[in-house]
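The values are calculated or read from the model by the stated rules, or taken from the named source; none is laboratory data. These numbers were taken from a predicted model, which means no experiment stands behind them. All Cβ positions, glycine included, derive from the backbone under ideal geometry; neighbour counts span all protein chains shown.
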Amino acid sequence: MTDRWTLHFLGTGAAHAIELGNASAVLERNGEPLLLIDCGPDCVRRCVDAYGKPPSAVFLTHLHMDHVGGLEQMFTRVWFDPEWRGRVHLYVHAGLLPLLQGRVADYPNVLAEGGANFWEAFRLVPCSRGFWHAGLWFDVFATRHHRPGTSFGLALPGSFVWTGDTGPFRKCWMCMRRVASLWRTIAAWSAILRTPASTMSSASTLRICANGCCCTTTAAWPTASGWKRAGSISRGRAT
Ligand SMILES: [Zn+2]
């Protein structure tokens, strides 16, 4: 049986567009949540609202707080639940670990009463070129967002690619060109370029789902009357 892939967008905003939610999505396989991409402050709640449970696996693209600020909440959610403690896979590029430690795990005593270390709540899996999850190989590749070496994209060859808070198309193209197996995704660019996303500013977000028959972008860009979103976002899911 061929797997059916769905991206469920939990939010499509940014630190300065919080009304759109924190940029994040759940990759679903055959309708079941497989991997949460990024974990901003409202992502755990949105995930529980959608699936009735926290995510069992998370990939972090980069460490801006609207992408990792929900990890403390996630800690609290899973630490006190024996069924979840230490079972949430957290895939993070190895180069981000020192920064991530400072961002979310270095606070003295994650619990006021002590007795807990932050990372014991998770199953932390550092990665570089990619990682295995649920029997699948996910490619991890560098993207450009702020300083080089601080942002990474994710791809399931032939199925989808997620570039995170990568800016305009030229940057995306430079990153994606390095993932040769993404020929289907690259072919989808001609469709994408006909969307309003081609007008995005560098503050916009871009994500692409390409499963061979369709593609979509999630994009938000500033206008005189506020933040405008691409039409596909309002549907929440891209299949
Ligand atoms: Zn960012």
When the stretch 78-93 is examined, which residues are found to be within 24 Å of ALA14 (Cα to Cα) and away from the ligand (no atom under 16 Å from the Cβ)?
-> LEU90, TYR91
Pick out the one residue from THR6, THR12 that is closer than 20 Å to VAL161 by Cα, of a type in the set (Ser, Thr, Tyr), more than 16 Å from the ligand (Cβ to nearest atom) and modelled with pLDDT under 95.
-> THR6
Only one of (1) modelled with pLDDT under 95; (2) over 17 Å from LEU34 (Cα atoms) fails for LEU97. Which number is that?
-> (1)
By residue number, the members of the stretch 33-45 that are assigned to a strand (DSSP E or B) and either within 16 Å of the ligand (Cβ to nearest atom) or surrounded by fewer than 23 Cβ atoms within 10 Å (Cβ to Cβ) (or both) are PRO33, LEU34, ILE37
Among residues of the stretch 46-76, those that are assigned to a helix (DSSP H, G or I) and more than 16 Å from the ligand (Cβ to nearest atom), counted = 11
Would you mind stating whether PHE152 is in a strand (DSSP E or B) and either within 16 Å of the ligand (Cβ to nearest atom) or at pLDDT below 95 (or both)?
-> yes
One residue from VAL88, VAL110, VAL92, VAL104 being over 18 Å from the mean Cα position of the chain (by Cα) and either crowded, with 18+ Cβ neighbours inside 10 Å or of a type in the set (Asp, Glu) (or both) | VAL110
Test: residue in the stretch 115-132 that is modelled with pLDDT of 90 or more, small (Gly, Ala, Ser), assigned to a loop (DSSP other than H, G, I, E, B) and touching a Phe, Trp or Tyr at 6+ places or on another chain (Cβ under 8 Å) | yes
Select from the stretch 71-111 the residues that are farther than 19 Å from THR150 by Cβ and in contact with a helix residue (DSSP H, G or I) (Cβ under 7 Å, 6 or more places away or on another chain) and list them in ascending order.
-> GLU72, GLN73, MET74, PHE75, ARG77, VAL78, TRP79, TRP84, ARG85, GLY86, VAL88, VAL110
Residue identified as away from the ligand (no atom under 16 Å from the Cβ), β-branched (Val, Ile, Thr) and over 18 Å from ALA155 (Cβ atoms) among VAL110, VAL104 | VAL110
Considering (1) under 19 Å from LEU90 (Cβ atoms); (2) crowded, with 19+ Cβ neighbours inside 10 Å; (3) of a type outside the set (A, V, I, L, M), say which one GLY13 fails and leave the rest.
-> (1)
Mind counting the residues in the stretch 128-149 that are in contact with a helix residue (DSSP H, G or I) (Cβ under 7 Å, 6 or more places away or on another chain) and either surrounded by fewer than 14 Cβ atoms within 10 Å (Cβ to Cβ) or of a type outside the set (Lys, Arg) (or both)?
-> 5
Can you find a residue in the stretch 21-32 that is more than 16 Å from the ligand (Cβ to nearest atom), out of contact with any strand residue (DSSP E or B) (no Cβ under 9 Å at 6 or more places or on another chain) and either among the aromatic types (Phe, Trp, Tyr) or modelled with pLDDT of 95 or more (or both)?
-> yes
